[in-house]
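These notes concern the structure reproduced below.
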Amino acid sequence: QPVSSNKPRKKKKKRKAKKTPAGDTLEEDDLEDIDSLLERIQAPSGLSPQSQGGIIADSRPLLYVEHRNLNPENEWKRYFGAHAVLGDQRTRQRQRQYVRSTWLTAPKNTWPRYSKTGITMRLLDTQGGVQHFTFEHHREYQQVQYKFLDTVESIDPNNIVLLLQMNPYHVDSLLQLSDVCRMQEDQEMARDLIERALYSLECAFHPVFSLTSGTCRLDYRRPENRAFFLALFKHLMFLEKRGCPRTALEFCKLILSLDPENDPLCMLLLIDFLSLRAREYTFLTRLFQEWESHRNLSQLPNFAFSVPLAYFFLSQQEERPELERIQAREQAARLIQLALVMFPSVLMPLLDHCSVQPDARVASHSFFGLNAQVSQSPALNQLTSLYVGRTHALWKDPAVMAWLEPHVHEVLRMVEAQHPLVQEAEHKRKIRYQSAPRNIYRHIILSEMKEAMAALPLEVTSQPVMGFDPLPPLDSIVSYTQPERTSHPSNESTLSLFFRSLLPNFNLQGDIWHDGDEEAGAGQDLNQGVNRLMAAMRDMLANIQFQEPPRDDNPEGDGDWD
């Protein structure tokens, strides 16, 4: 029994606690100060959140996704503080009607009321601890999808708007209209439509589908699954532009975990950039160490240059032990020299983007000169252009340039000495990079990096690319197809096509087509065609209404013009 005290006990004010989805309770003050508490815990140890986070992450799967890192507000709170980010949100949340809790996006009051759309998720099989899922479209959703495909063919965004008014959570319509809004510089609406698409898809998740485990797979060859990949990618790009690289990196890991073997959106071309932007250097070096043996990451220009840059940044962290810093510096020196030997065409465009003038020896040497860029294959040119256009801002740091300069001169000495590594790299460049796989083209189109877009081959740029399904896989697994519509014959006259554009039901040549002798009924067909043409013109003229001029019923007018 507690010892009684003579002092009167103060009555504590009971604070309202929030329940987490796991069943734990968190008080509001704890939610606000969780980041500051982490900083206090890590301060006495002498390790930065980056290094200590790297040690903790080593015991987890490489593509482990944390729920808290999927929310951009948590990243903003680390930058600006909880009060500056949340403001009066709590008051509004208490007054808000109940909505389903989701991890990918937070539903907004301005969105239409959600109801079942006809999308579900099914578990296909489980092999070796990996679960394979697929989205499925019910019959009602398939009918909406058919209408959507018709609106896309009409090339009129207003038709998509009308379709969304009737079906506000149709995913492909949201993706396509988001692209239209983005082209019209309405970034806020474009981002809102992508978030609504993610919310619609998350509401259809299977009960055992996990975002964080890294063991749930979706096959991109199935058209029903592609919308989820594309919505995540577009949401990721918006997050990166809004200054949330850590959240964008988490979404990048999520996309990669859905199909790490095939990587349909080629996230490996982006994950290094987001890791450097988010200062997750330990994760990037770990990814390179674990995947280099079976994925050959060093043969991608972005990994060849970004990994040594990550080691360089690790060597500059004063809170790390001296031995670790020396090892990181040595690794950075070795890898950057290999990258310059393997991809000499990266250096000069990179310096040009950074507004750095190389010295006379480097500028005049043929190894790094214009010949290095002209002699490389188109596929390699796409990869190098994409990397330079995307990451050049990370190399502008004067400390980075000072570190890079001596290694460039060391590579020139290797070239002049005819080092075997130089000849081996040249041989590899000639054999490899003959043609880029389809997922790289898809990644370049989605990234919209103008340097890489200009290097795309004609067979890609000449075909129409739809925002809801860019460059679909050639081995798609189709579960349902749109029923064929009655098409008009291809040998219609220009006059017939003109009148049918005005009157869709008009057909100059009749509804019944004969394959027999054409000369026998030529006169009859001509007369019928003329009669239909005249009837159509009468119908069109009868529907034309002329607006009457305004009547001067009010002589005094509405007022004088200023």
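The values are calculated or read from the model by the stated rules, or taken from the named source; none is laboratory data. For clarity, every value in this text was computed on a predicted model and none was experimentally measured. All Cβ positions, glycine included, derive from the backbone under ideal geometry; neighbour counts span all protein chains shown. In case anyone asks, the SASA skips ligands and DNA or RNA and just uses the protein heavy atoms, side chains included. Shrake-Rupley method; radii C 1.70, N 1.55, O 1.52, S 1.80 Å.
The table for this structure:
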item: Residue count for the range 205-260, restricted to those that are among the acidic types (D, E) and under 20 Å from G118 (Cα atoms); result: 2
item: Some residue of the range 362-372 being open to solvent by 60 Å² or more (accessible area, probe 1.4 Å), of a type in the set (A, V, I, L, M) and out of contact with any strand residue (DSSP E or B) (no Cβ under 9 Å at 6 or more places or on another chain); result: yes
item: Test: residue in the range 237-245 that is of a type in the set (A, V, I, L, M, F, W, C), surrounded by fewer than 22 Cβ atoms within 10 Å (Cβ to Cβ) and not assigned by the TED database to the domain that holds S213; result: no
item: Answer from Q89, Q50, Q131 - the residue that is surrounded by 11 or more Cβ atoms within 10 Å (Cβ to Cβ), under 30 Å from F288 (Cβ atoms) and either modelled with pLDDT under 90 or assigned by the TED database to the domain that holds Q316 (or both); result: Q50
item: Unmet requirement for Q176, which otherwise passes all of (1) without any contact (Cβ under 8 Å) to a residue 60 or more places away in the chain; (2) out of contact with any strand residue (DSSP E or B) (no Cβ under 8 Å at 6 or more places or on another chain); (3) closer than 22 Å to L104 by Cβ; result: (1)
item: Residue within the range 242-249 that is in a helix (DSSP H, G or I), in contact (Cβ under 8 Å) with a residue 60 or more places away in the chain and under 30 Å from E424 (Cα atoms) present; result: no
item: Any hit, the range 311-319, residues being touching a Ser or Thr at 6+ places or on another chain (Cβ under 6 Å) and open to solvent by 10 Å² or more (accessible area, probe 1.4 Å); result: yes
item: Complete set of residues in the range 147-180 that are modelled with pLDDT of 95 or more and hydroxyl-bearing (S, T, Y); result: Y169, S173, S178
item: D272 being on the phi < 0 side of the Ramachandran plot, under 18 Å from the mean Cα position of the chain (by Cα) and not hydrophobic (A, V, I, L, M, F, W, C); result: yes
item: Residue in the range 208-223 that is touching a strand residue (DSSP E or B) at 6+ places or on another chain (Cβ under 8 Å) and within 20 Å of E448 (Cβ to Cβ) present; result: no
item: Extreme residue, most open to solvent (accessible area, probe 1.4 Å), among residues of the range 184-220 that are of a type in the set (A, V, I, L, M, F, W, C) and over 24 Å from V144 (Cβ atoms); result: V208
item: Of all residues in the range 396-441 being among the charged types (D, E, K, R) and not in a helix (DSSP H, G or I), the one that is farthest from F343 (Cα to Cα); result: D397
item: Any hit, the range 282-303, residues being small (G, A, S) and crowded, with 22+ Cβ neighbours inside 10 Å; result: no
item: Scope the range 401-425; condition surrounded by fewer than 14 Cβ atoms within 10 Å (Cβ to Cβ) and closer than 20 Å to A379 by Cα; matching residues; result: E424
item: Enumeration of residues in the range 373-390 that are open to solvent by 60 Å² or more (accessible area, probe 1.4 Å) and either free of Cβ contacts under 8 Å to residues at least 40 places away in the same chain or more than 14 Å from Q434 (Cα to Cα) (or both); result: Q373, V374, S375
item: Any chance E202 is in contact with a Phe, Trp or Tyr (Cβ under 8 Å, 6 or more places away or on another chain) and closer than 30 Å to S59 by Cβ; result: yes
item: Pairs with Cβ under 6 Å, 6+ apart, first in the range 332-354 and closer than 25 Å to Q289 by Cβ and part of a helix (DSSP H, G or I), second of a type in the set (S, T, N, Q) and open to solvent by less than 10 Å² (accessible area, probe 1.4 Å); result: V346/T384
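This table checks each residue for (1) within 21 Å of C354 (Cα to Cα); (2) under 26 Å from the mean Cα position of the chain (by Cα); (3) of a type in the set (V, I, T); (4) not assigned by the TED database to the domain that holds Q337.
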| position | (1), (2), (3), (4) |
| --- | --- |
| H407 | yes, no, no, no |
| K428 | no, no, no, no |
| Y441 | no, yes, no, yes |
| L446 | no, yes, no, yes |
| M449 | yes, yes, no, yes |
| P457 | no, yes, no, yes |
| V460 | no, yes, yes, yes |
